[in-house]
């Protein structure tokens, strides 16, 4: 992989990690278009780097919220709003932890990760966004405990390539009646620990020598920086988009790209 291909893939990851259009699906599409054939170790390492970059982007954009949660959780012994919010985030992680630990390999074996699967899942993402756009559920003041668990289940289902994690969790939260801006913020915060955990496990495999890599330092640096910069902009942009209820445009986009990917894979 050349440095300019790493740049493109980093931009794609940074942009699509936060927009409800599936980062994994778009990376598959981008790799297919660019004709990149990763070796297993190279793909794993690059995936770790760009996901770490998007975690850093989330921390940059939501730094005040992260500090509020950490300060309120660890500086006072009494139960408060910060501990409640942290507890809901932890609860939302349970489904994806279970799937990641016990079922991820089975899911990948059953559904695969080719461009046809991506196309179908992108079209499912479009349907979810359409439902969220036009649904009129009874509004809630805050995200409840059951809501956190259900949103977490949505995140676990989104391990399928092409099924947008942010799109699924945000749409699920909106359909449950939660405020759009709150759902977007919750969606981006709830994924921090799972991404870091998966990145840590993957990095341990690489450091133990179980997986070999041949990525150049330039490709790694370019991929990380591009994903970080674009991801920070996309995270802030997405929160404003959800608040203004403009999901319809992403639904149309996912429908079109999903149809094209399906056609390309079946032709």
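Residues of the range 74-85 being surrounded by fewer than 17 Cβ atoms within 10 Å (Cβ to Cβ) and either within 15 Å of residue 189 (Cα to Cα) or in contact (Cβ under 8 Å) with a residue 60 or more places away in the chain (or both), which ones?
Result: 83, 84.
Could you please find all residues in the range 30-54 being modelled with pLDDT of 85 or more and buried (at least 19 other Cβ atoms within 10 Å of the Cβ)?
Once the filter is applied, which keeps residues that are modelled with pLDDT of 85 or more and buried (at least 19 other Cβ atoms within 10 Å of the Cβ), the range 30-54 yields 49, 50, 51, 53, 54.
Pick from 198, 155: which is within 25 Å of residue 63 (Cα to Cα), surrounded by fewer than 20 Cβ atoms within 10 Å (Cβ to Cβ) and touching a residue at least 60 places away in the same chain (Cβ under 8 Å)?
198
Being more than 16 Å from the chain's Cα centre (by Cα) and surrounded by 20 or more Cβ atoms within 10 Å (Cβ to Cβ) is the filter here; which residues of the range 225-235 pass it?
Correct list: 226 only.
Filter the range 241-256 for residues that are more than 18 Å from the chain's Cα centre (by Cα) and in a helix (DSSP H, G or I) and give the result.
Within the range 241-256, 243, 248, 249, 252, 255, 256 qualify.
For the range 253-262, indicate whether the set of residues that are crowded, with 17+ Cβ neighbours inside 10 Å and either free of Cβ contacts under 8 Å to residues at least 40 places away in the same chain or more than 23 Å from residue 134 (Cα to Cα) (or both) is non-empty.
yes
Report yes if residue 100 is touching a residue at least 12 places away in the same chain (Cβ under 8 Å), surrounded by 19 or more Cβ atoms within 10 Å (Cβ to Cβ) and in a helix (DSSP H, G or I), otherwise no.
No, not satisfied.
Of all residues in the range 125-140 being out of contact with any helix residue (DSSP H, G or I) (no Cβ under 8 Å at 6 or more places or on another chain) and in contact (Cβ under 8 Å) with a residue 24 or more places away in the chain, which is surrounded by the fewest Cβ atoms within 10 Å (Cβ to Cβ)?
This residue is 138.
What are the pairs with Cβ atoms under 6 angstrom where one residue, in the range 4-26, is at negative phi and crowded, with 24+ Cβ neighbours inside 10 Å and the other, located anywhere, is modelled with pLDDT of 85 or more and not in a helix (DSSP H, G or I)? Sequence gap at least six, or different chains.
20/164; 21/164; 23/17
Scan the range 64-73 and tell me whether some residue there is touching a residue at least 24 places away in the same chain (Cβ under 8 Å), in contact with a helix residue (DSSP H, G or I) (Cβ under 8 Å, 6 or more places away or on another chain) and either closer than 30 Å to residue 265 by Cβ or surrounded by 20 or more Cβ atoms within 10 Å (Cβ to Cβ) (or both).
There is no residue in the range 64-73 that is touching a residue at least 24 places away in the same chain (Cβ under 8 Å), in contact with a helix residue (DSSP H, G or I) (Cβ under 8 Å, 6 or more places away or on another chain) and either closer than 30 Å to residue 265 by Cβ or surrounded by 20 or more Cβ atoms within 10 Å (Cβ to Cβ) (or both).
Being modelled with pLDDT under 90, outside any loop (DSSP other than H, G, I, E, B) and within 16 Å of the chain's Cα centre (by Cα) is true for just one of 238, 204, 220. Which residue is that?
Sole residue among the options that is modelled with pLDDT under 90, outside any loop (DSSP other than H, G, I, E, B) and within 16 Å of the chain's Cα centre (by Cα): 238.
The values are calculated or read from the model by the stated rules, or taken from the named source; none is laboratory data. Keep in mind that what you see is a predicted model, and the values were worked out from it rather than measured. Reconstructed Cβ throughout: ideal geometry from the backbone, glycine too, with neighbour counts over all protein chains shown.
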